[in-house]
Amino acid sequence: MEKHTNKEDWIAIVTGTFLVAQGVFFLQNADLLTGGTTGLALLLSQIVPLSFGVLYFSCNIPFYLMAWQRFGRRFAINSAISGGLVSIFADHLHLVITVDRINPVYCAIAGGLLMGLGMLILFRHRSSLGGFNVLCLFVQDKFGISVGKTQMAIDAAILIASSLFVTPWVIGLSVLGAVMLNLVLGMNHKTDRYVVRYS
């Protein structure tokens with residue numbers, strides 16, 4: 001399969017991170033959670049006086065180092081840049097858009113779909129968001145298990161743990177969002193349809 005050009009990769013990274021940040025925006029507006037380090041940062045942002053972006057990037061630093069060791073310098077740098085862009089976009093979207101009323105079910109569906117689409121774009125252009133995405137890509141690369149299935153299992157575990165801090169309604173909607181996200185990945189990122197090139 002022909003590689004994407006550097007220009008295509010960078011355009012895709014900006015596009016993918018912007019879509020992910022839009023998804024985070026919907027989840028934040030309904031006080032919902034999700035899996036992975038995104039879910040951890042959303043949960044922590046409700047507890048500690050730091051922005052989502054700061055917490056998100058901080059949680060991902062160890063995984064960027066893991067990506068460097070497993071997938072190489074290019075992939076790790078792309079992933080760190082992607083994580084940084086999501087942090088910046090998510091922390092500043094309130095300057096250009098506000099929502100007076102929005103249905104939380106819609107937030108869960110739209111947030112999950114947008115995040116899934118953004119992550120899919122990043123995966124196909126030698127990048128990720130760090131965090132458990134790196135582990136999921138490693139599992140797919142090593143064992144042939146799709147990213148969507150591995151991500152779904154991790155997300156479920158994180159959301160179950162989050163039930164200690166939020167209501168069952170919020171958990172239910174958060175699960176809906178995570179399902180939508182992972183449906184996008186599971187249906188569109190298969191090893192026999194698209195080969196990820198890390199370097």
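Readers should treat all values here as calculations from the given coordinates under stated rules, not as data from a laboratory. As the structure is a computational prediction, the values presented were derived from the model and not from experiment. In this analysis, Cβ positions are derived from the backbone assuming ideal geometry, glycine residues included, and neighbour counts consider all displayed protein chains.
Run the reach check for K3 against aspartates and glutamates, Cα to Cα strictly under 18 Å, same-chain hits fewer than 8 apart removed. What comes back?
Once the sequence-local aspartates and glutamates are set aside, what remains near K3 is D141, D192.
So between V14 and L183, what do we pick up on full extension, going 0.36 nm a residue minus the alpha carbon distance?
Details: separation 169, 0.36 × 169 = 60.84 nm, distance 2.24 nm.
Computed gain between V14 and L183 is 58.6 nm.
So what's the angle, to the nearest 10 degrees on a 0 to 90 scale, between helix 104-123 and the longest Cα principal axis of the chain?
Rounded to the nearest ten degrees, it is 20.
Could you tell me how many degrees, from 0 to 90 and to the nearest 10, lie between the Cα long axis of helix 36-45 and the main elongation axis, the longest principal axis, of the Cα atoms of the chain?
Taking Cα atoms only, the helix is inclined about 30 degrees.
Return the distance in nm (one decimal) between the two label points of a simple spin-label model at W169 and H4, each offset 7 Å from Cα along Cα→Cβ.
Rounded to a tenth, the inter-label distance reads 4.0 nm.
Sort out for me the Cα centre separation of region 59-93 from region 98-112, rounded to whole Å.
A separation of 26 Å, based on Cα centres.
Considering only T15, F26, N133, whose Cα is most displaced toward the positive end of the charge dipole of region 1-140, charges sitting on Cβ of Lys, Arg (+1) and Asp, Glu (-1)?
Result: N133, furthest along the dipole toward the positive end.
Taking the Cα atoms only, what angle lies between the long axis of helix 168-188 and the longest principal axis of the chain, rounded to 10 degrees?
Helix 168-188 and the main axis of the chain meet at about 20 degrees.
Taking amide H positions as placed in the peptide plane 1.01 Å from N, state which residues far from S128 in sequence (5 or more) or on other chains have amide H under 5 Å from it.
S79
Report, in deg cm²/dmol and to the nearest 500, the calculated mean residue ellipticity at 222 nm for the chain, where each DSSP H run with n ≥ 4 adds -39500 (n - 2.57) and the sum is divided by the residue count. Write out the running numbers ahead of the final one.
Working: 8 runs with 144 residues, N = 199.
Calculated mean residue ellipticity at 222 nm is -24500 deg cm²/dmol.
What is the Cα convex hull volume of region 6-188 when expressed per residue in Å³? Could you put the intermediate results ahead of the total?
Numbers: hull volume 19.1 nm³, N = 183.
Spread over its residues, the Cα hull of region 6-188 gives 104 Å³ apiece.
Show me the ranking of peptides 3-16, 139-152 by mean Cβ neighbours inside 10 Å, starting with the highest.
For the peptides 3-16, 139-152, the packing ranking is 139-152, 3-16.
I want to check the label-to-label distance for N103 and L50. Put each point 7 Å from Cα in the C-beta direction and report it in nm to one decimal.
Output for this residue pair reads 3.6 nm.
Before anything else, pin down the relative contact order of the chain: Cα pairs under 8 Å, at least 6 apart, normalised by residue count, whole percent.
About 33 percent, as a whole number.
Near the amide H of L33, under 5 Å away, which other amide H atoms are found, from residues 5 or more places off or on another chain, if H is placed in the peptide plane?
Distant-sequence amide H within range of L33: S174.
Along the positive direction of the dipole of the chain (beta-carbon charges: Lys, Arg +1; Asp, Glu -1; about the Cα centre), which of V96, Y64, A110 reaches farthest?
Toward the positive end, the furthest listed residue is Y64.
Dipole magnitude of region 71-158 about its Cα centre, charges +1 at Lys/Arg Cβ and -1 at Asp/Glu Cβ only, in debye to the nearest 20?
Details: 7 positive and 4 negative charges, 76 e Å.
For region 71-158, the charge dipole is close to 360 debye.
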